[in-house]
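Encoded as structure tokens, the structure appears first; notes follow it.
None of the figures in this text is laboratory data; all of them are computed from the coordinates on show. On a predicted model such as this, the values are computed, not experimentally measured, just so you know. Glycine also receives a Cβ, built like all others from the backbone with ideal geometry; neighbour counts cover every protein chain displayed.
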Amino acid sequence: MKRNIDPAKIRGLAIDLDGTMLLPGGILGNRTRDCLKKLISMGMQVIISTGRAIESSEKYRSEIGAEGPMVFFNGAEIADVPSGKILYANLIGMDVVDFGTDIARKLGIHYQVYLPAGISPDTGLEDPKKTWESLLIDKDDPEADNYYKHTGISPLIKDLKAVVAFPINGCIKSMFIADPSCHDEIRRLLNERFGNKINVTRSFPTFLEILNAGVSKGEGLKIVMKHRGLKPEEVIAFGDEENDLPMFTAAGYACAPMNARENVKEAADFIYGANTEEGIAEYLEKMFIN
């Protein structure tokens, strides 16, 4: 049942980045930027809720001037920005990283891992100079180059079989970048080995992310709302992909762009214009500004 949104009761907007807030190519459109800045000046709490790292999201956050607790890594980390203080983290075990490396090598596909901030990518020991999370890849390939262009994060080439021996509790997330035709096989292999001990979700057409059990944008948004003093009925969630669906149930209301996956649009209370046309700005202007 679709829910009617009362603009007067909304105090927070939880917004996905890629495919939702951003234009293709990871560009923040001028109309969207100006709209969100205006809403923030009016007292609206804008919450970035993304699969991206804090570092990769920072330029968008700073452009619109949003501050406070946000959802990163699909909910594996909650951080207060711009300070970067980690408020919550839920890590996957190194056995998951090890098995993921086996799958990637067997299928000949790209695989990468994010180490927590403050951890040396060379030893796994604490390193306070490591302000941001480290992105590790098993080998250099076109997917690694495309991911760099997508996020601006430079990867480090490491033997991931050696990384699993690091003296750390776990990693933030791991991710396969492969043709979607491979995704079902990857899911099957992971499910046979780990079952409900992990959460596997698609965040971009070719991105298949591996998170710890209980990690999702929905759970992350619940934590953020608690920190911000927001009730679900005061929040609208915006997203376009499979990984956004848990956020739709955590928030009081859900909206999706025309370019969203069909099951995401079916779960939304309202569908607005495509991200290629800055549909979110048009919707928010009509709802809250005009």
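Taking (1) among the hydroxyl-bearing types (S, T, Y); (2) surrounded by 21 or more Cβ atoms within 10 Å (Cβ to Cβ); (3) in contact with a helix residue (DSSP H, G or I) (Cβ under 6 Å, 6 or more places away or on another chain) in turn, Y114 satisfies each apart from (3). Restricting attention to segment 117-136, the residues being exposed (fewer than 14 other Cβ atoms within 10 Å of the Cβ) and acidic (D, E) number 2. Only one entry in D127, D95, D140 is touching a strand residue (DSSP E or B) at 6+ places or on another chain (Cβ under 8 Å) and within 20 Å of K161 (Cβ to Cβ), namely D140.
Restricting A53, A66 to those that are under 15 Å from the mean Cα position of the chain (by Cα) and of a type in the set (A, V, I, L, M, F, W, C) reduces the list to A53.
N169 falls short of the stated requirement of being polar (S, T, N, Q) and either crowded, with 20+ Cβ neighbours inside 10 Å or in a helix (DSSP H, G or I) (or both). Restricted to segment 61-79, and to residues there that are in contact with a strand residue (DSSP E or B) (Cβ under 7 Å, 6 or more places away or on another chain) and assigned to a helix (DSSP H, G or I), the residue that is nearest to G124 (Cα to Cα) is F73. Segment 80-165 holds helices (runs of 4 or more DSSP H) entirely within its bounds, and those carrying 1 or more residues that are hydroxyl-bearing (S, T, Y) and under 17 Å from the mean Cα position of the chain (by Cα) map to 142-151. Out of (1) touching a residue at least 12 places away in the same chain (Cβ under 8 Å); (2) surrounded by fewer than 15 Cβ atoms within 10 Å (Cβ to Cβ), the odd one out for N30 is which? Result: N30 passes all but (1).
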